[in-house]
Structure formats: C-alpha cells, structure tokens
Amino acid sequence: MFTNLRIDSWQILVLYIATILIILFLMGLRKRRVRFSYRVLTALGLGLTVGTLFGENATIIRPIGSLYVRLIMMIVIPLVFTSIIKSFTDLKDSSKVKSIGGWSVFWLLFTTALATIIGLVFASGFNLGLDFDTSSISYTPREVVPIEDVILNLFPNNIVAHMANNQMVPVIIFALFISIAMIVERKKHPELVEPFKNFIDSFQIIMVRLTKFVMRFTPYGVFALIANAAGRNNIDTMKALGLYIIIHYVAIITHFLIVHLPLIMFVARLNPIRFIRKIYPASLVGFTSQSSYGTLPVTIRTLTDRV
C-alpha cells in the first residue's frame with residue numbers, strides 16, 4: 001500500500017511540474033506572438049498527451065479548466081445582452097429587424113430539424129444501445145411538456161431570474177424587445193433614448209474588452225480540460241464506447257457536409273475552406289469545454305475579429 005502511495009505521490013509531483021512547464025511554454029508562445037489558434041491547438045495536443053500519460057491522476061488539474069469555464073460563463077449573459085441590443089439599434093434601416101429576426105429563427109429551426117433527422121437515422125441504422133444492459137439502471141422519464149408551454153417558457157416573465165439561472169433564450173428575447181422599443185421610441189423622442197443607447201454602447205465595449213482578457217486564458221483552459229477528459233476516460237472506456245463515439249462524429253460530419261456546408265457556400269456565399277480556417281478557434285473551445293453556451297464569448301469574438 002505504501003509503495004503505491006509513493007508511486008502516486010511521485011506521479012502527482014511530476015504532473016504538477018509538467019503542468020507548470022507547459023503553462024510557461026504556452027505563455028512563451030504568446031510572448032512570441034504565435035497565432036491564437038496555433039496556441040490552442042498546441043494546448044490541446046499537450047493536454048491529450050498529459051492525460052494519456054498520467055491517467056486518472058491528470059484529473060487533479062481540472063480546476064484550471066473549471067476556472068476558465070466559470071470565467072466564460074461569467075461574461076456570457078451581459079455580453080450577449082448588450083451585443084444584441086447594440087447590433088439591432090445600430091441598423092440604419094429599422095425594417096431589417098423583423099427580417100433578420102425571422103430568418104434567424106427559420107434557419108435555427110431548419111438546421112435543428114435536419115440534425116434531429118440525421119441523428120435518428122444514424123442511431124437506428126446502427127442499432128446504438130441495442131445490446132446495452134439496462135437492468136441495473138433506474139430511470140424515470142421526464143414529463144413531456146405540452147408544446148404551448150414550451151413556447152410560453154421561451155418568453156421571459158422575470159428577466160432577473162432568467163439571467164441568474166443562465167437561461168439564454170428568454171434573455172435574447174428580452175434584448176430583442178428592448179431593441180424594438182428603443183428603435184420605435186428613438187423616432188419619437190431621440191433625445192431621451194440617446195443616453196441609454198450610449199450606455200449600452202459603452203457597456204458593450206467594456207464587455208468586449210473583458211472577453212478579450214478572458215480569452216487569453218483559453219490555451220491554459222483547453223490544456224486542463226483535455227488533460228482531465230483524457231485522464232478520466234481510459235482506453236478501456238474508449239473501447240467500450242468506440243462504436244458510439246465513431247458514429248457520433250460521423251453523424252456530426254455528415255450534418256456539416258450536407259447542411260452547413262451548402263448554407264455557407266450558396267446562402268452566405270463564403271469560401272468554406274476559408275470560413276472553417278477562421279472559425280475553428282471557437283470549434284476547439286466548444287470541443288474541449290463540451291458547451292456551446294460556454295463557448296459563446298469565443299464564438300462572438302471569432303465572428304467579429306476573424307470572420
């Protein structure tokens with residue numbers, strides 16, 4: 001028992017030293033002005049290596065990644081709220097608000113519906129979970145919410161509570177209502193609306209700057225998150241979930257190729273290779289943090305600064 005304890009202690013000590021050296025190395029890359037995306041990719045590779053080498057011991061550096069995710073979550077609500085209001089109130093033609101909002105909802109529902117169909121096709125086609133033993137699992141299905149309640153729950157009834165609970169959709173809808181009210185009122189009393197508009201603009205600029213501060217921690221957060229994931233999921237676990245993991249990623253790639261790629265090429269009329277190259281920092285953070293919600297600040301910065 002003492003021998004194993006001694007080995008684990010040495011492994012943990014070596015892990016701490018390796019973590020410090022890797023953080024210093026990533027800081028050195030930043031000082032040499034290596035591109036952000038390259039630093040994130042390097043951190044991902046180093047995290048995968050550390051997680052594989054140290055196994056479950058690598059999970060002790062998870063707090064670094066958790067801190068990074070917390071910082072991102074901290075700025076999501078105010079950043080999205082102010083960005084939406086500023087974007088709509090900056091439009092020269094107020095009639096575009098309805099058009100942009102309508103098309104946004106359409107494309108969201110359209111791509112989500114196709115993603116659902118693709119997921120069902122792959123799951124049923126490969127009989128995922130058919131041989132999985134569920135006899136020892138106790139599960140109570142959630143009550144199916146009526147569609148009218150689902151729609152009603154999208155609209156805010158207490159915006160402070162929605163913000164506190166990180167409920168994004170009601171916050172977005174509230175921001176849209178604020179934007180419409182500002183646009184309408186600005187036509188009647190511009191002198192009354194202008195101070196609030198200036199406040200939103202200043203607040204949004206501050207949030208963008210704060211986002212850039214948080215984004216500096218991305219390589220370190222990615223390193224810790226990947227090391228934790230690789231250390232937690234050993235080779236035996238990966239083998240057991242191998243078919244599911246492969247089909248999962250094939251389904252995602254299929255959705256991208258037959259849904260998003262045509263939209264990028266024929267609707268947005270963008271070069272898909274160039275678009276992918278510019279957007280992948282957000283994709284990497286989403287992959288490592290496993291949260292599209294938590295990746296929103298990176299997505300906004302990527303779309304604004306790179307795309």
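The values are calculated or read from the model by the stated rules, or taken from the named source; none is laboratory data. Values in this document were obtained by computation on a predicted structure and should not be read as measured data. Note: ideal-geometry Cβ built from the backbone for every residue, glycine included; neighbour counts use all protein chains shown. Only protein heavy atoms, including side chains, enter the accessible area calculation; ligands, DNA and RNA are left aside. Shrake-Rupley method; radii C 1.70, N 1.55, O 1.52, S 1.80 Å.
Of note:
- Three-way shape call for region 45-170 based on the alpha-carbon gyration tensor, with the a/c threshold at 1.5: oblate
- Crossing angle, helix 96-125 versus the chain [Cα axis fit, 0-90 degrees, rounded to tens]: 30
- Relative to the dominant Cα principal axis of the chain, helix 62-89 is inclined by about 10°.
- Axis angle, to the nearest 10 degrees, between helix 2-31 and the longest C-alpha principal axis of the chain: 40 degrees.
- Solvent exposure of region 1-85 amounts to 61 Å² per residue of accessible area, where only protein heavy atoms count and the probe is 1.4 Å.
- The mean accessible area for residues of region 146-249, using a 1.4 Å probe and ignoring ligands and nucleic acids, is 61 Å² per residue.
- Less than 5 angstrom separates the built amide H of Leu270 from those of Met265, all sequence-distant by 5 or more or on a different chain.
- For the chain, the number of Lys pairs with C-alpha atoms closer than 15 Å, counting only pairs eight or more positions apart or on separate chains, is 6.
- Per residue, the Cα convex hull of the chain amounts to 192 Å³.
- Solvent-accessible area, 1.4 Å probe, carbon plus sulfur percent, for the chain: 67
- Candidate residues Ser104, Ser292: accessible-area rank, largest first, probe 1.4 Å: Ser292, Ser104
- Label separation (Trp107 vs Gln11): 4.8 nm, computed from points 7 Å beyond Cα along the C-beta direction.
- In this rough spin-label picture, where each label sits 7 Å from Cα along the Cβ direction, the Ile151-Asp201 distance is 3.8 nm.
- Equivalent ellipsoid semi-axes, region 25-99, via Cα gyration tensor eigenvalues times 5, rooted, Å: 39, 17, 11
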